[in-house]
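Notes to accompany the following structure.
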Amino acid sequence: MRRAMAEAEVGDDVYGEDPTITALEERVAHLFGHEAALFVPSGTMGNQIGMRLVCEPGQEVLADADAHVVTYEMGAAAAIFGISTRTVVSQGGRLDAEQLIAQVRPKTDWHLTATAAIAVENTHNRGGGIVQPLDELQKLWDWSRPAGVAVHLDGARLFNAAVATGKDLATYGRLADTASVCLSKGLGAPVGSVLVASAERIAQARLWRKRLGGGMRQAGVLAAAGMYALDQHYDRLAEDHEHARLLADRLGLDPSAVETNIVVVDGVNAPMVAEAAKAQGVLVGQVGATRLRLVTHLDVDRAGVDRAVEVLGPLIAR
Ligand SMILES: Cc1ncc(COP(=O)(O)O)c(C=O)c1O
């Protein structure tokens, strides 16, 4: 990947002159079944611009209460774009189309904050990497067309969802008006996400990216990492999923609850376990006072799983 970055052909992307970025955008747009794409520095920027494309200031985006767009993006929709967000508590992040649809507020009532868009996260981070059911996604999409409500997909880990289900990326991409996907998660690029949408929307997105300071110059070196990641690291996500199931199993957790590369450990003293594990070289995430998140990725091989089990096993034993 470093070599591909060093050898990348570059130009000034603010002028649309970086051939490697242009090639990455065209490739990702095609993969997701959309007309166009925009390379952005982060998933957060991809999500926020994506939502702004389909929601005007003073309107709302409806999302799951644990969605990244409302939990971990620092209120950006409100702070930057004047977008209101409303949340619905789901069953562990699992999409229930009917439940969301029932909460939609019409644009025609002058008392109400109109629901312009619904945001869906796939896979769901706080939900422990679960894959959203395709029939629910399809139901939401079919309802949203005549209703005039847009769908934004936070597909930071959509590559994991596609590998886990064997569906192609466009199967998911086509069920969203705007989608943000990360090259920097399981795919292992150091930086970068891609926002996909119609050509008209992506032209607008380019303006928003520049306004937010996300217009980059000779950033083809980063796009080259993304290209390499797509070529070399996509199929191997299956290995991360296998490692996550193995990790769960060997820690005495239910491996069937693991759908992709995230293992959730509940009912522990999370800060204590995290600190003790870190002292032994195993890094885990704290999701709450009693919940940990273990993530497998391309830097965790089979020996790494063994080591994690060795360290975490005694710490989480009941
Ligand atoms: C589901 C989800 N969406 C979006 C993001 C944001 O990505 P970034 O950290 O590149 O802003 C993350 C990051 O962890 C995420 O888990």
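The values are calculated or read from the model by the stated rules, or taken from the named source; none is laboratory data. The model shown is predicted, which means the values in this text are computed figures rather than measured ones. Glycine also receives a Cβ, built like all others from the backbone with ideal geometry; neighbour counts cover every protein chain displayed. What goes into the accessible areas is simple: the full protein's heavy atoms, side chains included, and nothing from ligands, DNA or RNA. Shrake-Rupley method; radii C 1.70, N 1.55, O 1.52, S 1.80 Å.
Descriptive notes on the structure:
- On the stretch given as segment 38-54, residues that are away from the ligand (no atom under 12 Å from the Cβ), surrounded by 24 or more Cβ atoms within 10 Å (Cβ to Cβ) and over 10 Å from A77 (Cα atoms) total 2.
- In the set E73, E60, E56, E35, only one residue is of a type outside the set (K, R) and in contact with a Lys or Arg (Cβ under 8 Å, 6 or more places away or on another chain); that residue is E60.
- Pick from segment 23-37, criterion charged (D, E, K, R) and assigned to a helix (DSSP H, G or I), ranking: nearest to the ligand (Cβ to nearest atom): E25
- Selected residue (only one of R145, R94, R105, R157 is in contact with a Leu (Cβ under 6 Å, 6 or more places away or on another chain) and either on the phi < 0 side of the Ramachandran plot or touching a residue at least 12 places away in the same chain (Cβ under 8 Å) (or both)): R105
- Restricting segment 79-125 to residues that are among the charged types (D, E, K, R) and modelled with pLDDT of 95 or more, the residue that is nearest to V181 (Cα to Cα) is E121.
- Restricting A317, A270, A244, A229 to residues that are out of contact with any helix residue (DSSP H, G or I) (no Cβ under 7 Å at 6 or more places or on another chain) and modelled with pLDDT under 95 narrows the list to A317.
- Output for segment 256-280, where each listed residue is buried (at least 20 other Cβ atoms within 10 Å of the Cβ) and under 20 Å from G166 (Cβ atoms): V258, E259, T260, N261, I262
- Evaluating M5 against the criteria (1) in contact with an Asp or Glu (Cβ under 6 Å, 6 or more places away or on another chain); (2) surrounded by fewer than 24 Cβ atoms within 10 Å (Cβ to Cβ) leaves one unmet condition, (1).
- Looking only at residues in segment 55-76 that are of a type outside the set (S, T, N, Q), farther than 19 Å from I101 by Cβ and not in a loop (DSSP other than H, G, I, E, B), the one that is farthest from the ligand (Cβ to nearest atom) is A76.
- Considering the conditions (1) under 17 Å from L53 (Cα atoms); (2) open to solvent by 10 Å² or more (accessible area, probe 1.4 Å); (3) within 16 Å of the ligand (Cβ to nearest atom), S198 is excluded by exactly one of them, (3).
- Scanning segment 282-313 for residues that are farther than 18 Å from A244 by Cα and exposed (fewer than 13 other Cβ atoms within 10 Å of the Cβ) yields G288, A289.
- Of the set (1) within 16 Å of the ligand (Cβ to nearest atom); (2) open to solvent by less than 30 Å² (accessible area, probe 1.4 Å); (3) over 24 Å from C55 (Cβ atoms), all apply to K185 but (2).
- Taking (1) hydroxyl-bearing (S, T, Y); (2) out of contact with any strand residue (DSSP E or B) (no Cβ under 6 Å at 6 or more places or on another chain); (3) buried (at least 20 other Cβ atoms within 10 Å of the Cβ) in turn, S193 satisfies each apart from (2).
- Total residues in segment 240-255 satisfying the condition of being more than 22 Å from the chain's Cα centre (by Cα) and either open to solvent by 20 Å² or more (accessible area, probe 1.4 Å) or among the β-branched types (V, I, T) (or both): the figure is 8.
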